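The values are calculated or read from the model by the stated rules, or taken from the named source; none is laboratory data. Predicted, not measured: the structure shown is a model, and the values here were computed from it. Positions of Cβ are backbone-derived with ideal geometry, glycine not excepted, and every protein chain shown enters the neighbour counts. Ligands, DNA and RNA are excluded from the accessible area calculation, which covers all protein heavy atoms including side chains. Shrake-Rupley method; radii C 1.70, N 1.55, O 1.52, S 1.80 Å.
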Amino acid sequence: MSETGSKLDIQEYVPLAPFTTLAIGGPARFFARARNEDQVRAGLRFAERSGCPVFILGGGSNLVVSDLGFSGLVLKIELAGIDGLQNKNGELISAAAGEEWDSFVRQCTDHNLAGIECMSGIPGTVGATPVQNVGAYGQESGEVIHSVRVLDRTTLSLEDLTNSQCCFKYRTSLFNSAAKERYIIVRVCYLLRPGGKPSLQYQDLQRYFAGSAVAPSIQDARKAVLEIRRSKGMTLDDGDADCRSAGSFFKNPIVNPETADEAERKAQSAGTIASNATIPRFRTASGEDKLPAAWLIENAGFHKGYSVGRAAISTKHSLALVNRGGARAQEILELMQQIQDRVWTMFGIGLHPEPIFVGFNRE
């Protein structure tokens, strides 16, 4: 069927698994690809007339879709275009929400623009980066986002939100908290640093360049990040049994120091860790402690490769839950629950998932 006047092709009962990096999920009752802002509006009008919910799909890299699929309209954002790469100063770079994220990062690093090089290799689209304040290896998108152009679902009008209006925090923003159902991101503007030095805060990167005779370039940092991510099965490489994942499945818990101390004492007294062992922690700017979820998972007794049916913990990275081939969403949820329950029992620390869950009753 077609939405009148918009040339928006609306399909029915389209399987969603092929549109996700986890390769899991049933069909969408309705499905459409929006390649411009008018088609986004047309999709919303169609859903309103049909009385069905709308889910906005980008690159499908941070999703767990129900085995039953989604009962409404899945609107896949495919808006394209990058502006600003040829600017004399080269600082403000604007990209449409449907642009592939890693391709955008590559183009920026090729133009010697610093600020997002450590987020190389992350699957998905530009439009997803503000939602969860996507980050990796010491960089977060919220640090360099200048503004976000959005379409307000209630008025169907466009608006530009400043960085401060987006309320960026760790894996959190306005778009997945206070205004979760209000805005659709159509374009993101980044403030990058021409000729800036690459960020080498993370130990993995420091080890990679240890002993290097010359200071690494932005392009060197991108290459290093891609190699490190591949070694952990965190890139979409054909033939890698660990690549079908939703990325890091759990957020690193951020707790007050007293809670971290109590978790440590609890684990020591139970013999989960040695009496003189400590839980790794990283003090945040707010004075809280960030605990590595991967360490908690491994020390709760889960080994890499542990499985529930065809769902498993990656053999390369404890934070990734993977589809070994033919896995169901329910198996991913069962594995997630086992991990959460045991980490809570052993440490008293709650693990919260990063992915968005689509088509489940939990919504």
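So which residues in the stretch 90-109 are in contact (Cβ under 8 Å) with a residue 12 or more places away in the chain, in a helix (DSSP H, G or I) and open to solvent by 10 Å² or more (accessible area, probe 1.4 Å), if there are any at all? Asp102, Arg106, Gln107 - these are the residues of the stretch 90-109 that are in contact (Cβ under 8 Å) with a residue 12 or more places away in the chain, in a helix (DSSP H, G or I) and open to solvent by 10 Å² or more (accessible area, probe 1.4 Å). A single entry from Ser157, Ser141 fulfils the requirement of being without any contact (Cβ under 8 Å) to a residue 60 or more places away in the chain, of a type in the set (S, T, N, Q) and buried (at least 20 other Cβ atoms within 10 Å of the Cβ): Ser141. Residues being touching a helix residue (DSSP H, G or I) at 6+ places or on another chain (Cβ under 8 Å), over 26 Å from Val126 (Cα atoms), open to solvent by less than 20 Å² (accessible area, probe 1.4 Å) and aliphatic (A, V, I, L, M) are represented in the stretch 256-272 by at least one member. Somewhere in the stretch 232-239, is a residue touching a Pro at 6+ places or on another chain (Cβ under 7 Å), at pLDDT below 90, open to solvent by 30 Å² or more (accessible area, probe 1.4 Å) and hydrophobic (A, V, I, L, M, F, W, C)? Scanning the stretch 232-239, I find at least one residue that is touching a Pro at 6+ places or on another chain (Cβ under 7 Å), at pLDDT below 90, open to solvent by 30 Å² or more (accessible area, probe 1.4 Å) and hydrophobic (A, V, I, L, M, F, W, C), so the answer is yes. Of the residues making up the stretch 28-43, those that are surrounded by 20 or more Cβ atoms within 10 Å (Cβ to Cβ) and within 18 Å of Ser71 (Cβ to Cβ) number 5. All conditions in (1) in a loop (DSSP other than H, G, I, E, B); (2) open to solvent by 20 Å² or more (accessible area, probe 1.4 Å) hold for Ser71, with the sole exception of (1).
Scan the stretch 173-198 for residues that are surrounded by fewer than 17 Cβ atoms within 10 Å (Cβ to Cβ) and either closer than 10 Å to Pro130 by Cβ or not basic (Lys, Arg) (or both) and jot them down.
From the stretch 173-198, those surrounded by fewer than 17 Cβ atoms within 10 Å (Cβ to Cβ) are 176-178, 180-182, 191, 193-197; that's our starting set.
Correct list: Asn176, Ser177, Ala178, Glu181, Leu191, Pro194, Gly195, Gly196.
Being in contact with a Cys (Cβ under 8 Å, 6 or more places away or on another chain) and under 23 Å from Thr155 (Cα atoms) is true of Gly72. Condition check for Pro292 on (1) modelled with pLDDT of 95 or more; (2) open to solvent by 70 Å² or more (accessible area, probe 1.4 Å); (3) under 22 Å from the mean Cα position of the chain (by Cα): one failure, at (2).
Beta carbons closer than 7 Å, at least 6 apart along the sequence or on distinct chains, pair a first residue in the stretch 295-309 that is farther than 13 Å from Gln338 by Cβ with a second that is charged (D, E, K, R) and open to solvent by 50 Å² or more (accessible area, probe 1.4 Å) for Lys304/Lys316. Across the stretch 125-138, the qualifying residues are those that are in contact (Cβ under 8 Å) with a residue 40 or more places away in the chain and β-branched (Val, Ile, Thr), and the one among them that is surrounded by the fewest Cβ atoms within 10 Å (Cβ to Cβ) is Val131. Taking the criterion of being polar (S, T, N, Q), assigned to a loop (DSSP other than H, G, I, E, B) and open to solvent by less than 60 Å² (accessible area, probe 1.4 Å), the only residue of the stretch 315-363 that qualifies is Ser318.
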